[in-house]
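Worksheet: the structure to be examined is printed underneath.
The values are calculated or read from the model by the stated rules, or taken from the named source; none is laboratory data. Note that this is a predicted model, so its numbers are computed, not measured. A quick note on method: Cβ atoms are made from the backbone with ideal geometry, for glycine too, and the neighbour counts reach across all protein chains shown.
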Amino acid sequence: MRIDIVSIFPEYLAPLGLSLVGKAQQVGLLEVHAHELRQWTHDRHRTVDDTPYGGGAGMVMRPEPWGEALDALAPADAEPPPRLLVMTPSGRRFDQRLAEELAGEPWLLFACARYEGLDQRVVDHAAARMPVDDVSIGDYVLNGGEAAALVVIETVVRLLPGFLGNPESLREESHSTGERGGLLEYPLYTKPAEWRGLRVPEVLLSGHHGQVARWRRDQALRRTAQRRPDLIDRLRDDLDPADLDALDRPED
Ligand code: JET
């Protein structure tokens, strides 16, 4: 996979050289390029913003540098073109399903806006040449799209085939589309069996695999019902009598 990112703060993307995402680049699974938007300005002050037509607070990103950036990074004859992702609080909510979709793409191009956002014509013009999605990582406002792009990139890159040594660890997580897909994780414990007076639940020490599986599912169900009732509602039809019983007994 190739990833290009356009930002006025490309240094913000430096963590992508670290840890497992950095390793993915080292082994050639991934190529990441962060580009400084100001290289596509031509005025002496390298201006990227201007006042909004119609008035109002704050500044809007000028269309010209963005237009040149997208022309340079995604030429009209690029076949196939990249998928352009514009990070914005008003976009499609990012989730594991979108991450899995993006992990199947050969080329992603991230636009990280600052100030109040981009001139809308940048998005409209790009959409005639490449697939474009406005993407939100959640209902809050950041100072710019860079932190949101980092979240999306880390989530997508760990799904690339060959990225993790152990594909089991992918399938078992919260929100994966695997067998417990849609439920939150059950609580985890490791040694020692007693720590600061707190015991690991006895069933986990018992060696009864069936009881362990039941306990974990009950914990996952109760945790999900308590913290994310929206997720339980979507699963309701798939719950069996034992599941419903666990939800009727929130404690124990
Ligand atoms: C964000 C993403 O805050 C987020 O993204 C940065 C941002 C902030 C303010 C405006 C903005 O405009 C983007 C734009 O898109 C067309 O103009 C981007 C919060 N959740 N996810």
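Just a few scattered comments:
Condition check ((1) buried (at least 19 other Cβ atoms within 10 Å of the Cβ); (2) farther than 18 Å from residue 147 by Cβ) across all residues:
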| site | (1), (2) |
| --- | --- |
| 6 | yes, no |
| 32 | yes, no |
| 36 | no, no |
| 68 | no, yes |
| 100 | no, yes |
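- When region 80-136 is filtered for residues that are of a type in the set (Asp, Glu) and within 7 Å of the ligand (Cβ to nearest atom), the ones remaining, listed by number, are 116, 134.
- Residue pairs whose Cβ atoms lie under 6 Å apart, separated by 6 or more positions or on different chains, with the first residue in region 64-89 and within 26 Å of residue 49 (Cβ to Cβ) and in contact (Cβ under 8 Å) with a residue 24 or more places away in the chain and the second among the small types (Gly, Ala, Ser) and within 15 Å of the ligand (Cβ to nearest atom), are 70/126; 84/126; 86/111; 87/145; 87/148; 87/149; 89/136.
- Selection over region 171-199 of residues that are farther than 17 Å from residue 243 by Cβ and at pLDDT 60 or above gives a count of 13.
- Looking across 71, 43, one residue alone is assigned to a loop (DSSP other than H, G, I, E, B) and more than 11 Å from the ligand (Cβ to nearest atom). It is 43.
- Neighbours by Cβ (under 6 Å, 6+ apart or cross-chain): first from region 227-244, under 18 Å from residue 186 (Cβ atoms); second among the hydrophobic types (A, V, I, L, M, F, W, C) and surrounded by 10 or more Cβ atoms within 10 Å (Cβ to Cβ): 232/225; 243/221
- Just one of (1) at negative phi; (2) surrounded by fewer than 15 Cβ atoms within 10 Å (Cβ to Cβ) fails for residue 46. It is (1).
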